1. Checking PRO453 against (1) of a type outside the set (Asp, Glu); (2) surrounded by fewer than 20 Cβ atoms within 10 Å (Cβ to Cβ); (3) in contact (Cβ under 8 Å) with a residue 40 or more places away in the chain, only one condition comes out false. Which one?
2. Of everything in region 303-329 that's closer than 30 Å to ALA425 by Cβ and touching an Asp or Glu at 6+ places or on another chain (Cβ under 9 Å), which residue is surrounded by the fewest Cβ atoms within 10 Å (Cβ to Cβ)?
3. Cβ contacts < 6 Å: first residue farther than 22 Å from LEU457 by Cβ, restricted to region 240-258; second residue modelled with pLDDT of 75 or more and part of a loop (DSSP other than H, G, I, E, B), any location; separation 6+ or different chain. Result?
4. If I filter region 402-438 down to residues being of a type in the set (S, T, N, Q) and outside any strand (DSSP E or B), which single residue comes out as nearest to the chain's Cα centre (by Cα)?
5. So which of TYR394, TYR352 is buried (at least 16 other Cβ atoms within 10 Å of the Cβ), over 25 Å from LYS333 (Cβ atoms) and aromatic (Phe, Trp, Tyr)?
6. Which of the residues belonging to region 446-483 are within 17 Å of SER435 (Cα to Cα) and among the hydrophobic types (A, V, I, L, M, F, W, C)?
7. Out of GLN85, GLN155, GLN175, which single residue is modelled with pLDDT of 90 or more, assigned to a helix (DSSP H, G or I) and farther than 22 Å from PRO468 by Cα?
8. Residues in region 200-210: is at least one surrounded by 15 or more Cβ atoms within 10 Å (Cβ to Cβ), β-branched (Val, Ile, Thr) and within 17 Å of PHE228 (Cβ to Cβ)?
Amino acid sequence: MQFVYANLGMSQPVFALLLTIAAVAAFWVSEYIEYRRKVTISYFNSPSLKGFGTALIVFAIGLFIASPTGDAAALPGMAATQRAQMEQGLTPASGLMADVETARDHIEPEELADRLAGGDSSILLVDVRSPAEFQSFHIRGAVNVALSELEAYLQPYKDRGPIVLYSNGMTHPAQARDYLFGRGFENVYILTDGLTGFIERCLKPISLRSAPMSADVAARINTWRTFFLAAPPTKSDTGTPEQVTAEKLPALVTTDWLAQNYTHEVVRVIDLRPQPEYNAGHIPGSLRLDVESLRGSVNGVPSTLLPAPMIGQHLSLMGIQPSHVVVLVSGEKVHDATLAAVALERVGHQRYAILDGGYGKWIAEGRPADTALPAVKAGEYRVNLTANQFTVDYRAVLQQVQAHSAILIDSRPGDYYAGSKSEEARAGHIPGAKSHPFSDDLRGTDVYKQLRPVESLAAAYRQLVPSPDDTVIVYCRTGHQASQAFFILRRMLGYANVYWYDGSWTEWAARPELPMETGAGTGTPEGSNAS
């Protein structure tokens, strides 16, 4: 009841006075009707009726005069800003509209970008989209909260620091903000133009903008892009395997972590080096897998990754179950581990990681090794047959090429890309593809190779793929080297729409009806054999 008068735009004393006058008038009208109908007893125009009505009105006027502070005093539990609005004749509804009129209900993308990139920790940024959309891409630092859970989640933050709501657009955040304002939340804002506007105004590359801009503005945009598009730090690789996999393993695990956990009952280590090297020494308990045993001739295309049920048979014979944490250990070729990673992705196994630095780093640090073969009890690996949504064939690639709707990355050495060297039916590359040799992603010594730091990889791939939402197709000669780019983009950097062309240049070159190009690429030509 206490907000009825507020919603009518008047104070409580004024409301009481008008209500009293209306009540007296209504009583007089009823008495007049009885008088006209010749009712035996009638008070109409009697001294008692006049006196009673006058007394009520005088009493109401007295209350009005005796209540100078009005609603601010009547509502001690109301928030300070709300009481101030009431003192100014503003109701919660009109206060909300005043906020809208003066732009106090929203925050511009540029201001939000500046504050977050500048380290402002007072802002609670809330993404109200679906979990799938949030996982695909979200503003760095945001939390994902369903609209149905929003009020309960935000209670501890009520009237503290700024709360900024966003979705793809503004409709749902605006509705949520209005509701929360009515519930007493005065620190809730919406992001102008939503995530779509944030990407367009703050993250769009300078080269794709039509309007000219000053050096200061360009520097500001580059600062935003570096902050928001850089890959987030990988999850901590400390703790037990159960703790690490409560959400998801990091893409890479360190030798320190594996040294602490390789004997754990849930961990399975797979050594991908050639068999003579494995026989000479390996991480205790590790299983040996020839990465080429995961490939064969499929539909006439050689060196194609086997179908999921056949990969599942390999895992079954090795005693591996979906619940196991699989650590992949490479030798000289990091892309041996990433090809095995793609095989695990094909069967839907997500609890896996690659040992950073492989066996070379492990042994260079003096870690334990032996030559014993592990005891294995074969089981039945249950394959997720719907997991492989990332492999594309030549038809899908051709469609993307013709529509100019995807970014193609060629992972072969630069001379194979340019066509100056070839081991296939034709020399060259798929039209429009960008050259990024797999070796550009590596660092290390003669003892072992590692993938470059995630920040360095993120910066390099941003030059090729401006937006994490862009469609990307990676290929090489047989899909082997391209598996490394796939792993980096998808697992390490979190790109959402990454596809792997399994048949790669072996298939494409052998089909004369498919278009091709030759010419120098953007990568550094190398003379090593493409694989």
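1. Only one criterion in (1) of a type outside the set (Asp, Glu); (2) surrounded by fewer than 20 Cβ atoms within 10 Å (Cβ to Cβ); (3) in contact (Cβ under 8 Å) with a residue 40 or more places away in the chain is unmet by PRO453, namely (3).
2. To start, the set of residues in region 303-329 that are closer than 30 Å to ALA425 by Cβ comprises 303-308, 310-311.
Keeping just the survivors that are touching an Asp or Glu at 6+ places or on another chain (Cβ under 9 Å) gives 303-305.
Numbers: SER303: 19, THR304: 21, LEU305: 24.
Filtering region 303-329 for residues that are closer than 30 Å to ALA425 by Cβ and touching an Asp or Glu at 6+ places or on another chain (Cβ under 9 Å), the one surrounded by the fewest Cβ atoms within 10 Å (Cβ to Cβ) comes out as SER303.
3. PRO241/HIS264; PRO241/VAL266; THR245/ARG351
4. Taking region 402-438 first, the residues of a type in the set (S, T, N, Q) are 402, 405, 411, 420, 422, 435.
Going one step further and asking which of them are outside any strand (DSSP E or B), we end up with 402, 405, 411, 420, 422.
Values: GLN402: 30, SER405: 22, SER411: 26, SER420: 41, SER422: 40 Å.
For region 402-438, the residue satisfying everything is SER405.
5. Details: TYR352 fails: over 25 Å from LYS333 (Cβ atoms).
None of the others qualify; the one that does is TYR394.
6. Matches in region 446-483: LEU457, ALA458, ALA459, ALA460, LEU464, VAL465, VAL472, ILE473, VAL474, CYS476, ALA482.
7. Details: GLN85 fails: modelled with pLDDT of 90 or more; GLN155 fails: modelled with pLDDT of 90 or more.
The match here is GLN175.
8. no
The values are calculated or read from the model by the stated rules, or taken from the named source; none is laboratory data. All figures in this text were calculated on a predicted structure; none of them were measured in a lab. Positions of Cβ are generated from backbone atoms using ideal geometry, with glycine treated the same way; all protein chains shown enter the neighbour counts.
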